[in-house]
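The values are calculated or read from the model by the stated rules, or taken from the named source; none is laboratory data. These numbers were taken from a predicted model, which means no experiment stands behind them. Positions of Cβ are generated from backbone atoms using ideal geometry, with glycine treated the same way; all protein chains shown enter the neighbour counts.
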Amino acid sequence: VLETHAAMVARAVIALPLAAGLGAVLAFRPRRRGTPARSAPVIQTQIILSVVGAVVMLIVGSSLARAFGIVGVASLIRYRAKIDDPKDAVVMLTTLSVGLCCGVELYGLALFSTIFILAILWVVESLEPEQRKTFDLKVVAPEPRALRAEVEAILRRSNVRFELRSAGTKDLVYEAQLPFSVRTDRIANAILQLQDGHDTEVSWEEKKKK
């Protein structure tokens with residue numbers, strides 16, 4: 001049994017990197033003129049899916065019983081929550097594959113697959129552009145135009161991408177894109193302190209993705 005497990009891990013050492021490489025070739029194929037741009041999460045998901053497919057086939061091998069078992073387990077999965085990042089769905093498939101490995105006592109394959117897929121996730125997510133949330137920021141003040149330069153300086157210091165939408169006699173309205181690590185309350189407090197909070201209001205309205 002140990003020899004069988006060692007041989008399967010040896011096959012995985014070849015199969016998983018090859019699957020990742022070939023999946024990357026397909027995912028990064030040249031885009032034809034007129035076709036829509038591909039999003040980074042979809043490209044990353046396609047690469048990881050090729051690895052998960054290789055893991056599943058290594059589990060199945062030539063065992064018809066395992067093949068039917070995987071089909072049966074997969075048919076039981078019903079996940080109805082909304083998933084914003086398609087990679088999270090693939091990670092669920094990965095955990096299923098690792099669980100199947102452990103269930104048929106292929107512990108070496110389970111360990112190597114987990115480490116390899118973690119490495120792939122680390123690489124593709126390190127190349128992913130920083131995710132941001134989009135808000136409508138409204139600053140109400142007696143003299144909003146006098147505050148504009150200082151408000152925008154605060155936004156720049158907080159690594160916020162912004163675009164001025166309107167500058168009226170009573171308010172400033174921006175479209176602001178914030179990194180997930182930046183808190184709106186800290187920016188609001190900094191803006192309120194410009195005039196000690198007197199007659200100044202700051203409101204944020206998050207814009208949902210369509």
Subject >> Test: residue in the range 67-75 that is more than 28 Å from Gln131 (Cα to Cα), at pLDDT 85 or above and of a type outside the set (Phe, Trp, Tyr) >> reply: no
Original post:
If we scan the range 154-174, do we find a residue that is of a type in the set (D, E, K, R), farther than 30 Å from Ser39 by Cβ and assigned to a helix (DSSP H, G or I)?
Top reply: no
Original post:
Among (1) acidic (Asp, Glu); (2) at pLDDT below 90; (3) part of a strand (DSSP E or B), where does Asp136 come up short?
Top reply: (2)
Subject >> Residue count for the range 170-181, restricted to those that are out of contact with any Asp or Glu (no Cβ under 6 Å at 6 or more places or on another chain) and modelled with pLDDT of 85 or more >> reply: 8
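Looking only at the range 148-187, which residues are among the hydroxyl-bearing types (Ser, Thr, Tyr) and touching a residue at least 24 places away in the same chain (Cβ under 8 Å)? Write out each step before concluding.
Of the range 148-187, the ones among the hydroxyl-bearing types (Ser, Thr, Tyr) are 158, 166, 169, 174, 181, 184.
Correct list: Ser158, Thr169, Tyr174, Thr184.
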Subject >> Residue that is part of a helix (DSSP H, G or I) and out of contact with any strand residue (DSSP E or B) (no Cβ under 7 Å at 6 or more places or on another chain), where the choices are Arg186, Arg145 >> reply: Arg186
Subject >> All positions within the range 105-146 that are among the hydroxyl-bearing types (Ser, Thr, Tyr) and exposed (fewer than 12 other Cβ atoms within 10 Å of the Cβ) >> reply: Ser126
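Would you check if there is a residue in the range 91-104 being outside any helix (DSSP H, G or I) and in contact (Cβ under 8 Å) with a residue 40 or more places away in the chain? I'd like the intermediate steps shown before the answer.
Taking the range 91-104 as the starting set, the residues that turn out to be outside any helix (DSSP H, G or I) are 104.
Then keep just the ones that are in contact (Cβ under 8 Å) with a residue 40 or more places away in the chain; that gives 104.
Yes, because at least one residue in the range 91-104 is outside any helix (DSSP H, G or I) and in contact (Cβ under 8 Å) with a residue 40 or more places away in the chain.
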Original post:
If the Cβ limit is 9 Å and pairs must be 6+ apart or interchain, which residue in the range 5-33 that is over 16 Å from Leu109 (Cβ atoms) pairs with which residue that is loosely packed, with under 13 Cβ neighbours inside 10 Å?
Top reply: Ala27/Val42; Arg31/Ala37
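Is it the case that the range 196-207 has a residue that's hydrophobic (A, V, I, L, M, F, W, C), in a loop (DSSP other than H, G, I, E, B) and surrounded by 11 or more Cβ atoms within 10 Å (Cβ to Cβ)? Please lay out each step first, then the result.
Here is the first cut: in the range 196-207, the residues hydrophobic (A, V, I, L, M, F, W, C) are 202, 204.
From the residues that got through so far, the ones that are in a loop (DSSP other than H, G, I, E, B) too are none.
Taking every residue of the range 196-207 in turn, none turns out to be hydrophobic (A, V, I, L, M, F, W, C), in a loop (DSSP other than H, G, I, E, B) and surrounded by 11 or more Cβ atoms within 10 Å (Cβ to Cβ).
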**OP:** Would you point out which residue out of Arg148, Arg132 is closer than 30 Å to Val52 by Cβ, touching a Leu at 6+ places or on another chain (Cβ under 7 Å) and not aliphatic (A, V, I, L, M)?
**Re:** Arg132
